[in-house]
1. Among the numbered criteria (1) part of a loop (DSSP other than H, G, I, E, B); (2) in contact with a strand residue (DSSP E or B) (Cβ under 8 Å, 6 or more places away or on another chain), which one does Ile276 miss?
2. Out of all the residues in segment 153-175, which are within 11 Å of the ligand (Cβ to nearest atom) and among the aliphatic types (A, V, I, L, M)?
3. Collect the residues in segment 232-253 that are more than 16 Å from the ligand (Cβ to nearest atom) and surrounded by fewer than 20 Cβ atoms within 10 Å (Cβ to Cβ), keeping them in residue-number order.
4. Of all residues being within 10 Å of the ligand (Cβ to nearest atom) and surrounded by fewer than 20 Cβ atoms within 10 Å (Cβ to Cβ) in segment 202-231, which is nearest to the chain's Cα centre (by Cα)? Just the residue, please.
5. Return a yes/no flag: does segment 551-558 have any residue that is part of a strand (DSSP E or B), exposed (fewer than 14 other Cβ atoms within 10 Å of the Cβ) and modelled with pLDDT of 90 or more.
6. Within segment 389-412, which residues are over 14 Å from the mean Cα position of the chain (by Cα), outside any helix (DSSP H, G or I) and crowded, with 23+ Cβ neighbours inside 10 Å?
7. Could you tell me whether segment 68-84 includes any residue that is within 16 Å of the ligand (Cβ to nearest atom) and outside any strand (DSSP E or B)?
Amino acid sequence: MKSILVANRGEIALRVMRTAKRLGLSTVAVYSEADANSAHVAFADQAFCIGGAAARDSYLKADAILAAAKAAGADAIHPGYGFLSENADFADSCAKAGIIFVGPPASAIRAMGSKSAAKSLMEKAKVPLVPGYHGEDQSFETLSAAAEKIGYPLLIKASAGGGGKGMKIVNAKAEFADALASAQREAQNAFKDPKVLLEKYLTKPRHIEMQVFADTHGNYVHLFERDCSIQRRYQKVVEEAPAPDFPSSRRAAMAEAALGAARAVSYVGAGTVEFIAEGEQFYFMEMNTRLQVEHPVTESITGQDLVEWQIRVARGEKLPLGQDQIKASGHAVEVRLYAEDPERDFLPQIGKLTHLHWPDGVRIDSGVREGDTVSMHYDPMLAKIIATGADRAEAIGRLYRALSETEVTGVATNRKFLQAIIGHPAFARGEVDTGFIPRHAADLKAKGGNRTVLTALAALAVLRKAEQENRQVVDAHDPWSPWGRSPGWRLNRDAYVDVSLDEAKVRAHYRPDGFVLDLPEGSVRVSGDCGAARIDDRSLSFRAVFGANQVTIFALGDEASFALPDPLAMGGKDAEAGKLVSPMPGAVTKLFVTLGQIVEKGAPLIVIEAMKMEHTITAPKKGKVAKLPFAVGDLVGDAAELLVLEDEA
Ligand code: MV4
């Protein structure tokens, strides 16, 4: 194997290519039209555009990917996760084309693809199953008789489903018939297969999964478990290894069950066997026949590179280590940082990442860079942040600090939500189960504890910026003269300016070394600047990131954004020069003008839509449209230059 194509995008494409390069392989990326300027394309030795932005037009197009592999002379294809990673037909097509699929045999993918069939196989292999029914006979009589035997509450699952899709809880016999009909309808619509299975419903289970590996020589090992119990609507939020409060006897039993599952389907490569656990019991749920998003926590506690293992197995080598040589030490916790807004029901966010700063001392697996755009076409995960420690408390402490130092502007993120989980006393106590987020929902809501400090810092940042900008203009000959420093400075009387933050005015009284700010909570003294600010008697460092009409302050592990007066309304420098910038990230939904057109003051020019709201940009003066870089449908970032109006000659 000399060359590998990665049939994926974002962080996992980069992750796979990094190891491939280290192993001396040349790397081939594929990308959609939306990803032409993305990090995974830049990192690869060569890259091929395989189609349009929508996944079905690119990352799901098996033929286009195989054609790219042929054109590049790639010997192998790594599918990453998602997209084609668990598509047995794609694995077959690779084999037919003489290309190594870095994944399990198509037969193993198929065997685990149907839940009912998988459960029957697992039953034979003596892998523990939740009491239930997973038979072929789908008649109402058989299903309702099975339901009576299982008892209530019970769960109806789509046999072809996975990850929580098509599940129905039935609390009592009277609900069964309706729930069944609806589950069958949904299964038919979503998976074109109405087949369901029934299970006893566990109300507060933990999700614990075992990492397994097998080679083509009949060797099977496990690399311990991961606890992924903290989920939101079946999406994992926090993953850790080892599972907290998980005795080694249960670990050994679960590992044996997982290896039994892998053997039962003649598995090869990296796989994950998912269990739900309640009390002392655990039960097989499903097997994921791919490398998982959360594999870094396993890498952290074992010191192994799982992508290297995958590639070596795909080359026909034996597993790098035997079971006795695989050791776990310490603790690792991962969180998934998403471009989503917890205050708007976790609505996915799109827009340009105007500022991005990653913390030190932790592993960051990310596919985005500052200036990149988060589009609506793909999963909005920005990064996985993985912290390790000698023990769980140390790992948690590091992760909390890392989240404090993570800075993203341009899109809302779940950073504070993650921090609230990682910092929660119940999490510290290891009280993790699938009910964690709903149970602690009130504690996980954003609280404005540092509002006064952040407001004071925002006012200071705005004042310092104004000073810098004025100093050049007003007082070029003596930059230190108090006269030129700001328009408000006068001798012998109260001198002040009003800073407009979020529509409210903060009065700032000049003092020789700073300001006294009148805030609703009272007066505070501020001085210094971003590096070393002082608020009353407290010194702190902070960062201010200015957007087109807002400023975001990062301090004390917290952040807050404040709206600034509209630069167009203020007649700022940009507006005078006729440069119109986007007030927020969004999509261009309408253009009223064309290049070269002459417009009157106040004429509507462009409509930007974001968060279902339309913003119309109007002409601040009469002029000729000299630049118009965007078309209808384009995504624009915060502060992107939308249009330039030139004075008419
Ligand atoms: C269950 C269950 C309770 N009882 N099965 C959700 C996703 C899919 N992988 C399996 N899931 C569940 N199956 C029985 N018999 C509860 C869940 C479940 C869950 C499982 C793992 C992680 C988070 C979860 C959140 C809600 C429900």
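The values are calculated or read from the model by the stated rules, or taken from the named source; none is laboratory data. Every value quoted in this text rests on a predicted model; they were computed, and no experiment measured them. So basically every Cβ, Gly included, is an ideal-geometry build from the backbone, and we count neighbours across all protein chains shown.
1. In the conditions (1) part of a loop (DSSP other than H, G, I, E, B); (2) in contact with a strand residue (DSSP E or B) (Cβ under 8 Å, 6 or more places away or on another chain), Ile276 misses (1) alone.
2. Leu154, Leu155, Ile156, Ala158, Met167, Ile169
3. Selection gives Asp245, Pro247, Ser248, Ser249, Arg250, Arg251, Ala252, Ala253.
4. Selected residue: Gln231.
5. No, there is no match, as no residue in segment 551-558 is part of a strand (DSSP E or B), exposed (fewer than 14 other Cβ atoms within 10 Å of the Cβ) and modelled with pLDDT of 90 or more.
6. Selection gives Thr409, Gly410.
7. Looking for residues that are within 16 Å of the ligand (Cβ to nearest atom) and outside any strand (DSSP E or B), one finds at least one in segment 68-84, hence yes.
Yes/no per residue for (1) in contact with a Pro (Cβ under 7 Å, 6 or more places away or on another chain); (2) of a type outside the set (Gly, Ala, Ser); (3) touching a residue at least 12 places away in the same chain (Cβ under 8 Å):
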{"position": "Ile4", "(1), (2), (3)": "no, yes, yes"}
{"position": "Asn8", "(1), (2), (3)": "yes, yes, yes"}
{"position": "Thr19", "(1), (2), (3)": "no, yes, yes"}
{"position": "Leu23", "(1), (2), (3)": "no, yes, yes"}
{"position": "Ala44", "(1), (2), (3)": "no, no, yes"}
